[in-house]
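Q: First the structure, then my questions, so here it is.
The values are calculated or read from the model by the stated rules, or taken from the named source; none is laboratory data. Keep in mind that what you see is a predicted model, and the values were worked out from it rather than measured. Glycine gets a Cβ as well: all are built from the backbone with ideal geometry, and neighbour counts include every protein chain shown. We work out accessible area using only protein heavy atoms, side chains counted, and drop any ligands, DNA or RNA first. Shrake-Rupley method; radii C 1.70, N 1.55, O 1.52, S 1.80 Å.
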Amino acid sequence: MTISSLPGPDRDEVQAHRGASAIAPENTIAAFRAAAEQGAKWVELDVALSADGELIVIHDDSVDRTSSGKGNLGKLTAAQIATLDGGSWFNSNYAGERIPTLGAVIQALGEFGLNINVEIKQHPHHQSLDQLVNAVHAEITRRPAHMQIMISSFDPECLKAMHRLAPDLELAMLWDRVPDNWEALLAQIPATSIHAHFKGLSIGLLEQTAVKGIKVRAWTSNDPLELVSFWRAGLTGVITDSPEIYLG
Ligand code: G3P
Ligand code: MG
């Protein structure tokens, strides 16, 4: 369903949250392929380290919810994670879908023509922030030339570390609710974008960020009516489980 008479984002500002995760198992190649089929240009995905320091595309710090296996990422190697079924929990049609590495996803998304918002997750099993951020930086450096990347995180230290490695990358600070001192906090990173829960936004805030040239994207909205009053105030984009809803 598309409500094309409503104001909405540019096509390049619709990001598929964990892929088209309304119809396919989140953070899998199948979900990213479905996002491309729905016309998305960008996907958002989550990354964390396995026990042996590989970057795994997964939201939680354990495989329990989204696979046939059990265990914390800090106790599982990438090879062990690669054996798990990451699709059956969602739907038997996706049996055998894998929990992918970031490297595998970048290769697939290059073929699909998708750009990536890499959300760096900070989990208790991570022993070194630099190890985590360096690994992400090394992986995205190997992306195809046509692929655009942005980095987001709830942890400002991850964004600061990434800025030191790649000062030209777009960095987005993730907040549930945007704090009053958002401008000072962004400047400390420095970051030029805010990704906020749509319930943590206001028209007043968007008018202020627009004046300052700060991009604001709302997550996770699966109903265009939730954001309808925000676009004219300056909302930049949306992160959604159903990109087709926002793509005409
Ligand atoms: O990037 C927006 C959104 O993904 C943040 O929350 O928990 O879905 O990763 P979460
Ligand atoms: Mg995320």
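Q: Which whole number in µm²/s is D for the stretch 1-115 by Stokes-Einstein, with the Kirkwood Rh taken over Cα pairs at 4 °C and 1.567 mPa s?
A: Rounded, D is 89 µm²/s.
Q: Suppose we keep just the alpha-carbon trace of the stretch 126-193; what are its Rg and Dmax in angstrom?
A: My reading of the Cα-based Rg and Dmax gives 12.4, 38 Å.
Q: Would you compute, from DSSP H runs of 4+ residues alone, the mean residue ellipticity of the chain at 222 nm, taking -39500 (n - 2.57) per run and dividing by the full residue count, rounded to the nearest 500?
A: After summing the helix terms and dividing by residue count, I get -7500 deg cm²/dmol.
Q: Okay, moving on. Within the stretch 6-67, what whole-number % of the accessible surface is contributed by carbon and sulfur, with the 1.4 Å probe and all protein chains included in the calculation?
A: 41 percent
Q: Also, I was wondering about something else. Using amide H atoms built in the peptide plane, which far-off residues or other-chain residues are under 5 Å from G71 H to H?
A: Close amide H contacts, sequence-distant or interchain: V63, D64.
Q: May I ask for the Kirkwood hydrodynamic radius of the stretch 1-61, worked out over all distinct Cα pairs and given in angstroms to one decimal?
A: 12.7 Å
Q: Using DSSP to call loops (not H, G, I, E or B), can you name the chymotrypsin sites (Phe, Trp or Tyr not before Pro) in the stretch 145-226 whose Cβ has at most 16 other Cβ atoms within 10 angstrom?
A: Hits after loop and neighbour filter: F154.
Q: Longest span of the chain, sites excluded, free of trypsin sites (Lys or Arg not before Pro) in DSSP loop with at most 14 other C-beta atoms within 10 Å?
A: 71-141
Q: Nearest-5 percent of antiparallel DSSP beta bridges in the chain?
A: Within the chain, antiparallel bridges account for around 15 percent of the total.
Q: So, one more: Can you pull out the chymotrypsin sites (Phe, Trp or Tyr not before Pro) in the stretch 68-119 whose DSSP state is coil and whose Cβ has at most 13 other Cβ atoms within 10 Å?
A: Here no chymotrypsin sites (Phe, Trp or Tyr not before Pro) fit, given the DSSP loop and packing criteria.
Q: Tell me the Kirkwood radius of the stretch 119-248: reciprocal of the mean inverse pair distance over distinct alpha-carbon atoms, in Å.
A: After inverting the pairwise mean of 1/r, the radius is 15.6 Å.
Q: If eta is 1.306 mPa s and T is 10 °C, what Stokes-Einstein diffusion coefficient results for the stretch 56-99, Kirkwood Rh from Cα pairs, in µm²/s?
A: For the chosen part, D equals 155 µm²/s.
Q: Just want the answer: with Cβ charges of +1 for Lys and Arg and -1 for Asp and Glu, which residue in L165, P7, A35 is farthest toward the dipole's positive end in the chain?
A: Farthest along the dipole direction, towards plus: L165.
Q: Mind putting together the pair-distance distribution for the stretch 184-248? All Cα pairs, 5 Å bins, whole percent per bin, short to long.
A: 4, 18, 30, 23, 15, 7, 3, 0
Q: Oh, and also: In whole Å, what are the Cα extents of the chain along the three principal axes, biggest one first?
A: Principal extents (largest minus smallest coordinate, Cα): 48, 41, 32 Å.
Q: Something else about it: Given the stretch 2-125, what percent of its DSSP beta bridges are antiparallel, to the nearest 5?
A: 35 percent
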